[in-house]
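The values are calculated or read from the model by the stated rules, or taken from the named source; none is laboratory data. Everything numeric in this text was worked out from a predicted model, so none of it was measured. Note that each Cβ is placed from the backbone with ideal geometry, even for glycine, and that neighbours are counted across all protein chains shown.
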Amino acid sequence: MSIEREVEYSKGSGHVITWKPCGHEDIPLTIAPTVYPPREDSTLLDQVLAEHGSGEGKGMLEIGCGSGAISISCSLRGWRVKACDINPLAVATTKGNANELGCEISVFEGGPGDIDQWMPSESVDVIAWNLPYMDPEPGQKLGPLEDSAMIDQQGDIALLDALTQNPHILNPGGVIYLVHSSNHVGARIPTTWRRAGWATRNISKLAVGDEMLTAIACWRPFEQGEIVRLDSCESTNEIILEKNSVNQGDLVSTRNQTAGRGYRNRVWVGSERNFMGSWALHKKSIEWGPEFIQYAASLAVIDTLSTFMNQGLPTHSWTHASKLEKEGVRVKWPNDIWIRRSGNVGKLCGILAQGRSKGQENRIALGIGLNRNSVPEISDSIGWDVLFGVDVEKLIPVLHASIASVLEFHPFIKSPKKENILSAVFANMRSTLSEGSPRSFGIDAAGGLLGINQVHQMSEDWGWKWD
């Protein structure tokens, strides 16, 4: 019945609407039957793309172009645009609207998971996709064109597969913008991409009724960085701080660290089955300060745990923190992660950010020690193997992507808002604050711990005890 209805509907005439591209005057668009018209989600995506300013001939691919509103807007801003849609009426609509407005846009039928003619013949710098996310009404049956335009919920996975098989589609330094809703699919998408080794970050949000639309960026993490795996070294942080030259995202990890140090210069004891490594951060990171860097890094570790447990990522929504709380995962202010379970309590992770001047350059090293197994020499250690079974080599790409997601400076992507990082950290600290002493109830805008009648800052005389 739904197919017959759709065929009949597609025979109808189109209607004309007015669309306002961000930064440009209103333009008319003709919308054919079964073609998705520009709505609030389209405006959200257009605003994100407009923040790049003039495209200056850079390449952009829009998947699911619908009416052509986004493609036309980007063309007007100077991008070299290719677009695709699996709905042939959408292809015709985009072509017609582009011709009427004098925009040169290549439009093809198809999309990820479909025939390959949608792939750009030349690599692009940006891929944009306002993903289908609407749930049909109970008992409602949709035709195939309506279904693909509104509720297909696996499209991003098909795109991820296409990029894995054809990495040349996206230029080095390129970025993918996806718009999703706050439903179960929206929770899955960042986790899926993170598991595949892609960095992800919320860029913008828009509340529409009782749902939250979110535009996220996905990119290949630290593309200029070098990953080095050593059998043994004294300290991975020292290697980063003393190297002759470093790039943002250089990662040095080791199976055996003989002189590793943690907070307050404590010795970090590890084993070859655990992770010990350090990243070189961008020189601008010094403006954040060590406290914030360590907070952000703790969230990167929490995201990594969430990824392997197939849960939503707390960096994308602080509400996902409660799932790890139930598993006993605790962020302990200011730079540790513990697991507290009945009869099984121990430190899982330690984090240390260090800075040093080297000539005219400021170096920032971020060191993380993360246990897969408990360390026999330490009575209060615990490993991620109580949560899931993954070896170090499989964990590193996801942790690397998670660090980039919160700390990489990328020319196409806005840095995360400090208040969002602190909110997510607090969400992961709630149980910790009620389970230890001195009693505390939150963190302030500078990252200090709010205690009774005082604010604690990181210092040598700070002490924390679990109840």
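Observations
- A single entry from D385, D336 fulfils the requirement of being acidic (D, E) and either closer than 19 Å to T236 by Cβ or loosely packed, with under 14 Cβ neighbours inside 10 Å (or both): D336.
- The residue that is modelled with the lowest pLDDT, among those in region 343-355 that are part of a strand (DSSP E or B) and farther than 15 Å from G289 by Cβ, is N344.
- Residues in region 424-438 that are buried (at least 21 other Cβ atoms within 10 Å of the Cβ) and polar (S, T, N, Q): N428, T432.
- Only residues that are closer than 20 Å to E408 by Cβ and of a type outside the set (S, T, N, Q) were counted in region 207-238, giving 13.
- Among the residues of region 216-259, the ones that are surrounded by 17 or more Cβ atoms within 10 Å (Cβ to Cβ) and in contact with a Pro (Cβ under 9 Å, 6 or more places away or on another chain) come to 5 in all.
- The set of residues in region 293-349 being touching a helix residue (DSSP H, G or I) at 6+ places or on another chain (Cβ under 7 Å) and among the acidic types (D, E) consists of D303, E325.
For every residue, the table says whether it meets (1) crowded, with 19+ Cβ neighbours inside 10 Å; (2) modelled with pLDDT of 90 or more; (3) not small (G, A, S).
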position	(1), (2), (3)
S381	yes, no, no
G389	no, yes, no
L395	yes, yes, yes
V398	yes, yes, yes
A401	yes, yes, no
F409	no, yes, yes
S415	no, yes, no
L422	yes, no, yes
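- In region 322-376, residue nearest to I240 (Cα to Cα) [restricted to those that are among the polar types (S, T, N, Q) and in contact with a strand residue (DSSP E or B) (Cβ under 7 Å, 6 or more places away or on another chain)]: Q354
- Hits in region 225-240 - residues which are outside any helix (DSSP H, G or I) and of a type outside the set (A, V, I, L, M): G225, E226, R229, D231, S232, C233, E234, S235
- If you go through region 304-341 and keep only what is within 21 Å of K205 (Cα to Cα) and assigned to a helix (DSSP H, G or I), you end up with W318, T319, H320, A321.
- Residues satisfying the stated conditions in region 356-400, i.e. outside any loop (DSSP other than H, G, I, E, B), over 20 Å from A280 (Cβ atoms) and not hydrophobic (A, V, I, L, M, F, W, C): S381, D385, E393, K394
- S306 meets all of the listed conditions (1) within 23 Å of D380 (Cα to Cα); (2) at pLDDT below 95; (3) polar (S, T, N, Q) but one, namely (2).
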